[in-house]
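First up is the structure itself, then whatever we jot down about it.
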Amino acid sequence: MSSFIAILSRDLNLAYRQGMDSVMVVMFFVIAVVLFPFGVGPEANILARIAAGVIWVAALLASMLSLERLFDADYEDGSLEILILQPITLEIAVAAKVTAHWLTTGLPLIIAAPVLAILLNLPADGFAVLISALALGTPSLSLIGAIGAALILGARRGGVLLSLLVLPLYIPVLIFGVSAVDAGLGGFPFKSHLLALGGLLLATLALCPWVSASALKQALRS
Amino acid sequence: MPSFSGQGLGCFRGGRLVFENLAFALQPGNALVLRGPNGSGKSTLLRLMAGLIQPLEGQIKWSDSDAGITDDPDLHYGRTHYVGHADAVKPVLTVTENVTFWARLRSPQSDVAGAIDKLGIAPLADIPGQFLSAGQKRRVNLARILAVPANLWLLDEPATALDVDAIAALCDAIAEHRAAGGMVVASTHQNLALTDHAVLHLSDYITEDPALV
Amino acid sequence: MIHRFANPTRFVRLADVIQPWAAGMTFLFFVTGLYFGLFASPADYQQGETVRIMYIHVPAAWMALFCYTAMAAACGTALIWKHPLADLAARATAPIGACFTLLALVTGSLWGQPMWGTWWVWDARLTSVLILFFLYLGYMALNNAFDDAERGFKASAILALVGFVNVPIIKFSVDWWNTLHQPASVLKAGGPAIHASMLTPLILMALAFKAYYLWVLLIRMRGEINAMKVRALRMRQVQQADMADKVAAGKVG
């Protein structure tokens, strides 16, 4: 547990001092969403209809953009090699890094989402569901993304490759995230969709640190 | 007392056999220097000793236990310090923060200030890593292994980028470590002034690639 | 010593024996399967002649799942037992599986147009098969993304195992969700719900696809083995040149 806190606080400290990363993720999120009224036209009812999907897709892309650096910075400067050679559980180290990633990218997205929902005329009954769905879904995105980020270490054109690997695996989160909001808007019970998102989160929480850790070991052994 | 030895080691990297039938043995206080041309497998051997990679054949053992070091990696990582080519110094963290992070992962009790002082970078303690020269970064990396004691030091070209004073400080640290019963394996082109060390010439173990069938 | 290339000799010898048989079986089953499928089976009373697309579509979809399962099994073998041939088998299977998946998607689309009145619907079965196709592409991209072939093998093997969660989802998608796609009618409890005159060409075509897979797999694996030998020879050239340099410069020893 002390290694979890040590790594988490170091990564948060790094993110804080390097500054711009979180801001850029949120800026990308906002700009990507703002493009849609230009693309599909400013009619309020059309925007309201697609708001949930647009916000989810933009959040998913924004979360993915910052993933490339999740392990890459540590891989390049040799920290990852030293980290693996410490008498700590690597899965816990991965979990700490993913937590830091979510706190610096996922959480700002959730905070920015209501503003964008207003811009897209999302009806008021959808807000609470949207926020809860994002709160349950974005940690899964960071966790699944960690696998991709670990697999591409040392690859040519890692960033493009990462999107090819990770986006198909994001689809279940997207499906349940959007259908929860749609159900909420239509006045249907949305609890089952949120439960499915929670289930996905538990499954990824159990599996992803383990898979990422073994991918990291493979990356360092070649 | 612990000992560290390997028998019949062979390693296959990047599609070829780097070395085979290699053996070494270290007793407490011993030092082993690895020599050989580029590509002869000095770094590979150190990574094998660290438990980062597994040998194709042969086994590396701690003391006389039957288990190889990779059977319980965390146990081996805990008694080993490895210094590779990259210094792992974060540009936005200060020297003290860089060293403290690694020390805290190993033990709650550590002597970060003492380690920094021993390598002569105490005046830089509050300077962020981005302002350091290559030699100063290397000293930060070496301070990491002084801050928390470990039985075995594996040093891959530790003297790279170091000036004369820093090399002397490193040699003092190694001598102190050995006097306390520690073991050292180092690969180096430069002459580290180590007293009565053994030398392993890796060029003796380079083999003709086995005929492909 | 352990000889990394010892296995391929045995494998190549075995492949020499199997390959002509696999080729012959492919030919035989294709010809008989197509005869039964196109001439000796009835048109469907609802679907008419378009039902014959089934004899390509269904075996292709089976192969899409079969190849992924085989690939994941090979990847698991490669990661756990470090068998060098398993890496090659997985790598050789991926493009074949991707082609079968694409074939299933395209024939499904062609069949869907007259039957459902649309080329594509976003239902669970179609979407999950599309994801399977992306997983194949991701596997191949990752496999080729590294200068060190070994690293590509290992990284993509982990991806293939993670992606395996999709396989049961595809299989049971028609049972778990209400989809336009019909549920399984051949492999189901209580015997197949399909008439023997249609089952015969279906089974024949499935066998033809299996034999084809085996045939192409062997060809591709031998190609990969040859490529590895070339790589090793190049490494040896570099090493020898390097050593000659060092000896000339008097640096060795």
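Where a number appears in this text, it was derived from the coordinates with a stated rule and is not lab data. Keep in mind the model is a prediction, meaning the values are calculated, not measured. Ideal geometry is used to build each Cβ from the backbone, glycine not excepted, and the neighbour counts take in all protein chains shown.
Laid out as a table, the results:
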quantity: Amide proton proximity set for B:Tyr82, modelled H, under 5 Å, gap of 5+; calculated: B:Leu154
quantity: On Cα atoms only, tilt of A:107-119 relative to the major axis of chain A in degrees; calculated: 20
quantity: Packing-based exposure ordering (other Cβ within 10 Å, fewest first) of C:Cys67, C:Cys99, C:Cys75; calculated: C:Cys99, C:Cys67, C:Cys75
quantity: Gaussian network model of chain A, Cα within-10 Å springs - most flexible of A:Gly199, A:Gly106, A:Gly41; calculated: A:Gly41
quantity: Test item: Cα-centred dipole of the protein assembly as shown, Lys/Arg +1 and Asp/Glu -1 on Cβ, debye; calculated: 1180
quantity: Chain C - percent relative contact order, Cα under 8 Å, separation 6 or more; calculated: 31
quantity: Cα long-axis angle, helix A:44-65 against chain A (0 to 90 degrees, to the nearest 10); calculated: 0
quantity: Given charges at Cβ of Lys, Arg, Asp, Glu: the stretch B:47-95 dipole, positive-most of B:Tyr77, B:Pro91, B:Leu56; calculated: B:Pro91
quantity: 3J(HN,Hα) from dihedral phi, the stretch C:115-121, Karplus parametrisation 6.51/-1.76/1.60, rounded to Hz, x for glycine, proline; calculated: 7, 9, x, 8, 6, 8, 10
quantity: Average beta-carbon neighbours from other chains, 10 Å sphere, peptide B:90-101; calculated: 3
quantity: Sorted by Cβ neighbour density within 10 Å, fewest at the top, the residues C:Arg91, C:Arg10; calculated: C:Arg10, C:Arg91
quantity: For the stretch A:1-134, alpha-carbon Rg and Dmax in angstrom; calculated: 17.9, 59
quantity: Order of A:Glu76, C:Glu224 - criterion: other Cβ atoms within 10 Å of each residue's Cβ, fewest first; calculated: A:Glu76, C:Glu224
quantity: Listed residues A:Leu134, A:Leu164, A:Leu60, most fluctuating in chain A (Gaussian network, C-alpha, under 10 Å); calculated: A:Leu164
quantity: Crossing angle, helix C:54-81 versus chain C [Cα axis fit, 0-90 degrees, rounded to tens]; calculated: 30
quantity: Listed residues B:Ser133, B:Ser65, B:Ser107, most fluctuating in chain B (Gaussian network, C-alpha, under 10 Å); calculated: B:Ser65
quantity: At R0 = 41 Å, FRET efficiency that the Cβ-Cβ distance of A:Arg156 and B:Ser133 yields, to 0.05; calculated: 0.85
quantity: Centre separation in Å (Cα based) which lies between the stretch B:109-178 and the stretch B:15-88; calculated: 22
quantity: Spin-label model distance (nm) - B:Ala180 vs C:Tyr35, 7 Å beyond Cα toward Cβ; calculated: 8.5
quantity: Cα centroid separation, the stretch C:51-86 to the stretch A:8-40 (Å); calculated: 40
quantity: Relative contact order computed over chain A (Cα-Cα under 8 Å; 6+ residues apart), in percent; calculated: 27
quantity: Other protein chain Cβ atoms within 10 Å, averaged over every residue that makes up C:148-154; calculated: 5
quantity: Cα-centred dipole magnitude for the stretch A:2-221, charges only on beta-carbon of K, R (+1) and D, E (-1), debye, nearest 20; calculated: 180
quantity: Partner chain coverage, peptide A:169-179 - average Cβ within 10 angstrom; calculated: 2
